[in-house]
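Asks: Sending over a structure as structure tokens; questions will come in a sec.
What follows is calculated from the coordinates using simple rules that are stated; it is not laboratory data. Predicted model only: the values in this text are computed from it and were never measured. Positions of Cβ are generated from backbone atoms using ideal geometry, with glycine treated the same way; all protein chains shown enter the neighbour counts.
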Amino acid sequence: MKERLGRQMKPPTRAKGTLPVWQSALLAQGCQVHSGDHTLSLDLVPVEDRIVCTPTISGWMAPFHLKVTVGQPVTITWDLELSRYLVTTMGRRLAA
């Protein structure tokens, strides 16, 4: 008797131009930098598997409560294993 081999399943793919849920959620929420009496929204840019931004003022980045410095790029990725954001700036990484 011949054994039938099942079809190999491909991982799900997303339609061209759509973003992963985590990126869509963060872009909808937005991020801000709080510096003294000033709050400035960051321009978040999705780039492949990450979101990047460069603060134009120094202060605390919400919602991650991370100190950021003007001109220092911030990279945000997603940790699939633990379902959390990973935020990197100036060589420091914060899990949020």
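Asks: Once R0 is set to 22 Å, what does the formula 1/(1 + (r/R0)^6) return for the Cβ-Cβ distance between residue 27 and residue 83, expressed as a FRET efficiency to the nearest 0.05? Could you put the intermediate results ahead of the total?
Replies: On the way: r = 18 Å, r/R0 = 0.81.
Once rounded, the FRET efficiency stands at 0.80.
Asks: May I ask you to order 68-78, 38-48 by the average number of other C-beta atoms within 10 Å around their residues, highest value first?
Replies: Ranked from most to least packed, the peptides come out as 68-78, 38-48.
Asks: In debye, nearest 20: dipole of segment 21-95 around its Cα centre with unit charges on the Cβ of K, R (+) and D, E (-)?
Replies: Computed about the Cα centre, the dipole is about 200 debye.
Asks: Could you compute Rg(Cα) / (2.2 N^0.38 Å) for segment 21-95, with N its residue count?
Replies: Relative to the 2.2 N^0.38 Å estimate, segment 21-95 comes out at 1.03.
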